Amino acid sequence: MLKIERLNQFYGESHTLWDLDLDVPEGRCTVLMGRNGVGKTTLLQCIMGLLPVSDGGMDFAGVDLVKASAERRANLGMGYVPQGRQIFPALTVEENLQIGLPARRDKLRKVPGLVYELFPVLKEMLGRRGGDLSGGQQQQLAIGRALVLYPRLLILDEPTEGIQPNIVHEIGDIIRRLNREVGLTVLLVEQKLPFARRVGDRFTILDRGRAVAGGEMGGLNDELVKEYLTV
C-alpha cells in the first residue's frame, strides 16, 4: 500500500534520512523501530507531507505522495496520530473529533460509531475539554480523531509513550482489532519491544537515518535487538 524508495531528507546541512526504503503491505501492521534520534518521527512527517524530502519516491496506493500536499494525503485516507498526541486542549472531545470530518473521502460529516465503540470513554466525555482528560484518554482521543477520517492507512508515532500500563494494553488490543478484524493497514513507531511483538506483523529497523533490517516479526532476533534496539 505504501512504498518508499531511496528517500533522502535534510535538516539544513544535516542529512537525516539516507536512501531509505520502506514497504508497508496492505492489511498488515508494520512496526518502525530504532533508538531515539535515528529518524523515525522524521520519516513519518515526510510521509504525511509535514517535512520536505530532497529526493526519492513515495507511492501510496498508486498515488505519488512526493507531489501531494499534506491535505491531499489526508483526503487519500492517511490517518496520523503524532507523537505527544497534539490534541486541541481548549476544544471539547466532540470538537476535537469533528476536526477530521472535512477530510473524509465519502463527505459524511458524522463521527463514525466505531470510534465510540472502540473508545466508550470518549462518548461519555464529549462535552469535556481535551486538556482536562488524562494522558491515556488524550491518546484515545488522538487515535479516535485519526479514525474519523475513515483511513486506509493508520500511522501512529509511539502511542504508548507516557501512558499507564492498563491503557497501553487496551491500545494494543484496539490496534490488533483494527488491523486483523477491520483490515486497516497500520504503520507504527514503537520503542517497547513486547508491545511491538504483540501487535506487529512486520518490522523495519532504522539506524542513523538508514533502514538496516526488516522482515516478518518472527525474524526480530536477539542479535538485532542487542545491536540496534537495546539502550
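K192 to E117: extension gain in nm, 0.36 nm per residue of separation minus the Cα-Cα distance? Mind dumping the intermediate values first?
Numbers: separation 75, 0.36 × 75 = 27.00 nm, distance 2.63 nm.
This chain segment gains 24.4 nm when fully extended.
How big is the dipole moment of the range 65-160 about its Cα centre under a simple scheme where the beta carbon of each Lys and Arg is +1, that of each Asp and Glu is -1, and everything else is neutral? Debye, nearest 20, please. Can you show the working numbers first?
Values: 14 positive and 9 negative charges, 97 e Å.
Dipole size: approximately 460 debye.
Using the reciprocal of the averaged 1/r over all distinct C-alpha pairs, how large is the Kirkwood radius of the range 1-117 in Å?
Details: mean 1/r = 0.0626 Å⁻¹.
Mean inverse Cα-Cα distance, inverted, gives 16.0 Å.
Please sort 112-119, 64-71, 17-24 by packing, taking for each peptide the average over its residues of neighbouring beta carbons within 10 angstrom, highest first. Working shown, then result.
Numbers: 112-119: 16.2, 64-71: 13.6, 17-24: 18.4.
So the order, starting with the most tightly packed, is 17-24, 112-119, 64-71.
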Check: Taking the Cα centre of the range 120-182 as origin and charging only Cβ (+1 Lys, Arg; -1 Asp, Glu), how large is the dipole, in debye to the nearest 20?
Finding: 280 debye
Checklist line | Of F10, P112, V168, farthest towards positive along the dipole that unit charges on Lys, Arg, Asp, Glu beta carbons give the chain | finding: P112
Check: Considering the dipole of the chain built from charges on the beta carbon (Lys and Arg +1, Asp and Glu -1) around the Cα centre, which of L141, V63, V189 is farthest to its positive end?
Finding: L141
Notebook entry, point to check: Say each of E5 and L91 gets a label point 7 Å from the Cα, pointing the same way as Cα to Cβ; how far apart are those two points in nm?
Noted result: 3.8 nm
Next item on the list: Using R₀ = 35 Å, calculate the FRET efficiency as 1/(1 + (r/R₀)^6) where r is the Cβ-Cβ separation of D21 and I99; round to 0.05.
Entry: 0.60
Next item on the list: Can you tell me the relative contact order of the chain? Whole percent, Cα pairs under 8 Å, sequence separation 6 or more.
Entry: 29 percent
Notebook entry, point to check: Along the range 24-36, what does the Karplus equation 6.51 cos²θ - 1.76 cosθ + 1.60 (θ = phi - 60°) give for ³J(HN,Hα), rounded to whole Hz, x for Gly and Pro?
Noted result: 10, x, 4, x, 10, 10, 9, 9, 9, 10, x, 5, 4
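Would the range 2-222 count as rounded, prolate or oblate if I go by the C-alpha gyration tensor, calling it rounded below 1.5 in a/c and otherwise prolate when a/b exceeds b/c, oblate otherwise? Please list the in-between numbers first.
Details: a/c = 1.67, a/b = 1.37, b/c = 1.22.
It is prolate, given that a/c is not under 1.5 and a/b is the larger ratio.
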Check: For E181 and S69 in one chain, what is 0.36 nm times their gap in residues minus the Cα-Cα distance, to one decimal in nm?
Finding: 37.2 nm
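Where a number appears in this text, it was derived from the coordinates with a stated rule and is not lab data. From a predicted model like this one, the values you see are computed outputs, not experimental measurements. Positions of Cβ are generated from backbone atoms using ideal geometry, with glycine treated the same way; all protein chains shown enter the neighbour counts.
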